[in-house]
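Right, I'll just put the structure down here and ask away after.
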Amino acid sequence: MHAEDLIDLNYLAEVEEECEHDRELLREYLDLLRAMAEQERAAIEHGASSGDRPSVVAAAHRLKGGAANVACRRLSRACAAIEANPASAAAMLPEVSQALAESLRFLEQRWSDGDQAITD
């Protein structure tokens, strides 16, 4: 899988520019995403197992937005699919979990405390 499938690199560059390439601030965004994503993923899982489709839709919508805010394209798309078809939530959870893990790993590496400038 290419980085462009995982992350919207053009939008990510805009996010980084808005943050003036402040790695500390960007890592704070990453920490917020991590915490929110785990909470919303758990809410999707709980809603799917209990048959609470409105909760599934709401959690998928929140996670989709949080992912989109930091350019996590694949995660956002997986959540959009769940939002559109909440009955698919249980089947889509592995994709959400994988997209989340890969997105976090990508952003952690990109925003690490290296000497390199943030680039595409």
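Since every read-out is calculated from the coordinates, none of them should be taken as a lab result. What you see is a predicted model; the values in this text were computed from it and never measured.
On the Cα set of the range 47-114, report Rg and Dmax in Å, please.
Final numbers for Rg and Dmax: 12.8, 45 Å.
Let me ask another. Return the sequence-ordered ³J(HN,Hα) values of the range 64-76 in whole Hz as given by the Karplus equation 6.51 cos²θ - 1.76 cosθ + 1.60 applied to θ = phi - 60°, using x for Gly and Pro.
Along the range 64-76, the couplings run 4, x, x, 5, 5, 4, 10, 6, 7, 4, 5, 5, 4 Hz.
Springs between alpha-carbon pairs under 10 angstrom, Gaussian network model over the chain: which of GLU17, GLU38, GLU108 fluctuates most?
GLU17
Please state the equivalent ellipsoid semi-axes for the chain: what are the square roots of 5 times the Cα gyration tensor eigenvalues, largest first, in whole Å?
28, 13, 11
How large is ³J(HN,Hα) for each residue in the range 84-96, as worked out from phi by the Karplus curve 6.51 cos²θ - 1.76 cosθ + 1.60 (θ = phi - 60°), to whole Hz, x for Gly and Pro?
With the stated coefficients, the range 84-96 comes to 6, 9, x, 5, 8, 4, 4, 6, 8, 4, x, 5, 4 Hz.
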